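The values are calculated or read from the model by the stated rules, or taken from the named source; none is laboratory data. Just so you know, these numbers come straight off a predicted model, no measurement behind them. For neighbour counting, all protein chains shown are included, and Cβ atoms are generated from backbone atoms with ideal geometry for every residue, glycine included. Keep in mind that these areas ignore ligands, DNA and RNA; they rest on the heavy atoms of the full protein, side chains included. Shrake-Rupley method; radii C 1.70, N 1.55, O 1.52, S 1.80 Å.
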Amino acid sequence: MAKQNQKEPEKKKDEEGCWEKGTCEEPDLFGPLFKMPNKGQFKFSLWYFLLTLFILLMINSLFVPTPDSLVGFSEFKKKIEQGEIVSVQLGDNFYYGYTAKPTETKGPQKVYRTVPVNDPTFIPLMDSKGVSYTKISEKGNAFVNFLLTWAVPFLMFFFIWRILFQRMGNLGSNVLALGRNRAAIVAEGTTGVSFNDVAGCEEAKEELKEVVDFLKNPMKYTSIGGKIPKGVLLVGPPGTGKTLLAKAVAGEAGVPFFRISGSDFVEMFVGVGAARVRDLFRQAREKAPCIIFIDELDAIGKSRMNVLGGNDEREQTLNQLLVEMDGFDSRTGVIILAATNRPEILDPALLRAGRFDRQVLVDRPDLAGREAILKIHVKGVKLAPDVDLHKVARDTPGFVGADLANLVNEAALLAVRNGRTAVTQADFTEAIEKVIAGLQKKNRLISPEQKRIVAYHEAGHALVAAFTEGADPVRKITIVPRGIGALGYTLQIPTEDKFLMTEKELYGRIDTLLGGRAAEEIVFGTVSTGAANDLVKVSDIAKRMITEYGMSPKFRNVALNQRQPTFLGPTAEAPSMYRDYSDATQSYIDETIASIVNDRYEKVKNLLQEKRPLLEKLANRLLEAETIEEGEFATLVHSN
Ligand code: ADP
Ligand code: ZN
Ligand code: MG
């Protein structure tokens, strides 16, 4: 029963892989070990290696003497005395005694083997008996022995070493190419994106056009001593078109364009990332004028201070990046673009003068911007004459470019599903709801009793909104379950895009949110878990009113929460880090939140009690029709 008046845009991943790095081969343990110039002629893989080892062992076993019987040294001597052994081979580890001379071996002969003892009488004994003896080296084949004891371990070592270097992302026989980076060099204009494909962020476009212009006619700027910034940082929420803008710059500039994502630098081995940065800049300087684009800069640019334990690799990479940025000036014609949606976690050193000193905010589009973006995305879509993109834009405040692209696609899919040949306004309306609240689940079963609770709950939200000054108008109430968790919702859409909210409007929002639970209590005498989501929002608003907006009686006009300045508001990843007030103030905050919520709740309950007949009427209508639209709602409320 979440009341939704703000959309949580789904983060949409960049799906265009057309200019991704594509040339890099992945390390392959069983792949080629040696790469000869004519590729694939001579391969040495692990399988060959194991096979060779096996063959060597087989050969070696062939040289092992025929089966023999191991005897004690004294018995060996006795057999010589007795004349049984007539020929002896003296090895280092064993003596072998043969019952026939090597020259007259015919047929099977017996072999005795013994462990030698340092016995000075042994040789004289053999001499006196006329036994022929020779010194031998153990186990026959010296070559195989050499291979097993020296060559094999060496090969093994070489093999492991090789794997390690492959792991570092480097291939080919040249291990010194260790830090070769994987940035794709995008040839001029190949991104196929131009500034016309981006809308709703005009200021950002203007600044980037200047960058493009500088790369095209550097003289125009340098001749009057103008300086173009070295680094331009695109900052904005996910899906607002930062990557798209960078692609547009590449498309327009007509200069080589290196694109790499911050996460590409972060490698397993310390030092590799730094080497990559060095190599990237070296390549860029060779190709100047050109553009380097580092997407998702926060992956390497994270502040070095608040990382517990530190991350050597990332730190080295970041340091190298800073060094490289200092090492050239923009007159060389290399311009660095970077994008991030979390500027607040970037290392301050990155933002200092001479580095990313120019920041371009790519914010959520406004009404006109949304309409322009929609116009771009409906280009390839067949539209019915009744489609009013202005109205669609009006109904989608807070949507970013990626959401709008998604919306158009959803609308087209719905049109197909409904058997239409063109997309109608109704498809858009349904797509908006879909994108807002997840897929409609008409067939989801819900018991009649629960349905009644949901109906009163939503009617409560809507009624309070209708009778509260400062609350956004109700566009739609529904008890059709959507997505996960939301059993119904009341859709309020602000009449215009709001960048500021007054104290009155904040209270209006709190009241409306509390309306659901208050209605439940009035009608059923008890409350349900359905309001959980509402209560979270209520507490959040109340807390911010006290700590951030200075709207509490005691700390009027005092900000209690010192936070790092952010463009995008606090995120889950970067909560406020410092609290510069006492524990006593904390209890005051907690108590004041409770008292604000209590006061408002009583007020809302009174209002609903007063409007009880209308509440019944609304809830019953909801149970019957499941959905009440803006117009019908207004009639119901005002006929009363
Ligand atoms: P970001 O990098 O800011 O997260 P992207 O540039 O990856 O966002 O945007 C994703 C997709 O959303 C784009 O490929 C484009 O289709 C659409 N889009 C986003 N912003 C815009 C915009 N301002 N104008 C047109 N299309 C946009
Ligand atoms: Zn609710
Ligand atoms: Mg992006």
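So how many residues does segment 375-409 have that are among the polar types (S, T, N, Q) and surrounded by 19 or more Cβ atoms within 10 Å (Cβ to Cβ)?
Of all residues in segment 375-409, those among the polar types (S, T, N, Q) come to 396, 406, 409.
Cutting the leftovers down to surrounded by 19 or more Cβ atoms within 10 Å (Cβ to Cβ) gives us 396, 406.
Number satisfying all stated conditions: 2.
State whether one or more residues within segment 299-318 are open to solvent by less than 10 Å² (accessible area, probe 1.4 Å), at pLDDT below 80 and within 16 Å of ligand 3 (Cβ to nearest atom).
yes
May I ask you to say which residue of ASP386, ASP395, ASP363 is away from ligand 3 (no atom under 16 Å from the Cβ) and more than 18 Å from VAL435 (Cβ to Cβ)?
Working: ASP395 fails: more than 18 Å from VAL435 (Cβ to Cβ); ASP363 fails: away from ligand 3 (no atom under 16 Å from the Cβ).
Just a single option satisfies the conditions, and that option is ASP386.
For segment 210-222, state whether one or more residues are within 16 Å of ligand 1 (Cβ to nearest atom) and within 30 Å of PHE399 (Cβ to Cβ). Explain how you work it out, then say what you get.
Taking segment 210-222 and keeping what is within 16 Å of ligand 1 (Cβ to nearest atom), we get none.
Checked segment 210-222: no residue is within 16 Å of ligand 1 (Cβ to nearest atom) and within 30 Å of PHE399 (Cβ to Cβ).
Listed here are the residues, each with its yes/no results for (1) part of a loop (DSSP other than H, G, I, E, B); (2) farther than 15 Å from ALA204 by Cα.
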{"position": "LEU337", "(1), (2)": "no, no"}
{"position": "LEU350", "(1), (2)": "no, yes"}
{"position": "ARG355", "(1), (2)": "yes, yes"}
{"position": "VAL360", "(1), (2)": "no, no"}
{"position": "PRO365", "(1), (2)": "yes, no"}
{"position": "GLY369", "(1), (2)": "no, no"}
{"position": "LYS375", "(1), (2)": "no, yes"}
{"position": "GLY380", "(1), (2)": "yes, yes"}
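Just to verify a result, which residue in segment 335-351, among those that are under 19 Å from LEU208 (Cα atoms) and open to solvent by less than 30 Å² (accessible area, probe 1.4 Å), is farthest from the chain's Cα centre (by Cα)?
Of all residues in segment 335-351, those under 19 Å from LEU208 (Cα atoms) come to 335-341, 343, 351.
Within this subset, residues satisfying the condition of being open to solvent by less than 30 Å² (accessible area, probe 1.4 Å) are 335-340, 343.
On the way: ILE335: 26, ILE336: 22, LEU337: 20, ALA338: 17, ALA339: 14, THR340: 13, PRO343: 16 Å.
This residue is ILE335.
Hey, PRO397 hits all of (1) assigned by TED's automatic domain parsing to the domain that holds LYS375; (2) at pLDDT 90 or above but one; which does it fall short on?
Going through the list (1) assigned by TED's automatic domain parsing to the domain that holds LYS375; (2) at pLDDT 90 or above, PRO397 breaks only (2).
Only one of VAL115, VAL88 is modelled with pLDDT of 75 or more and buried (at least 16 other Cβ atoms within 10 Å of the Cβ). Can you tell me which?
Values: VAL115 fails: buried (at least 16 other Cβ atoms within 10 Å of the Cβ).
Answer to the check: VAL88.
Here are the criteria: (1) more than 30 Å from the chain's Cα centre (by Cα); (2) in contact (Cβ under 8 Å) with a residue 40 or more places away in the chain; (3) not assigned by TED's automatic domain parsing to the domain that holds GLY231. Tell me which single one LEU389 does not satisfy.
The single condition LEU389 does not satisfy is (2).
Results for (1) away from ligand 2 (no atom under 16 Å from the Cβ); (2) open to solvent by 30 Å² or more (accessible area, probe 1.4 Å); (3) in a loop (DSSP other than H, G, I, E, B), shown as yes or no for each residue.
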residue: LEU215; (1), (2), (3): yes, no, no
residue: LYS220; (1), (2), (3): yes, yes, no
residue: THR240; (1), (2), (3): yes, no, yes
residue: VAL249; (1), (2), (3): yes, no, no
residue: VAL255; (1), (2), (3): yes, no, yes
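Quick one: ILE541 ticks every box in (1) free of Cβ contacts under 8 Å to residues at least 60 places away in the same chain; (2) assigned to a helix (DSSP H, G or I); (3) out of contact with any Lys or Arg (no Cβ under 8 Å at 6 or more places or on another chain) except a single one, so which number is it?
Of everything listed in (1) free of Cβ contacts under 8 Å to residues at least 60 places away in the same chain; (2) assigned to a helix (DSSP H, G or I); (3) out of contact with any Lys or Arg (no Cβ under 8 Å at 6 or more places or on another chain), ILE541 misses just condition (3).
Scanning segment 509-534 for residues that are within 9 Å of ligand 2 (Cβ to nearest atom) and charged (D, E, K, R), which turns out nearest to GLU602 (Cα to Cα)?
This residue is ARG517.
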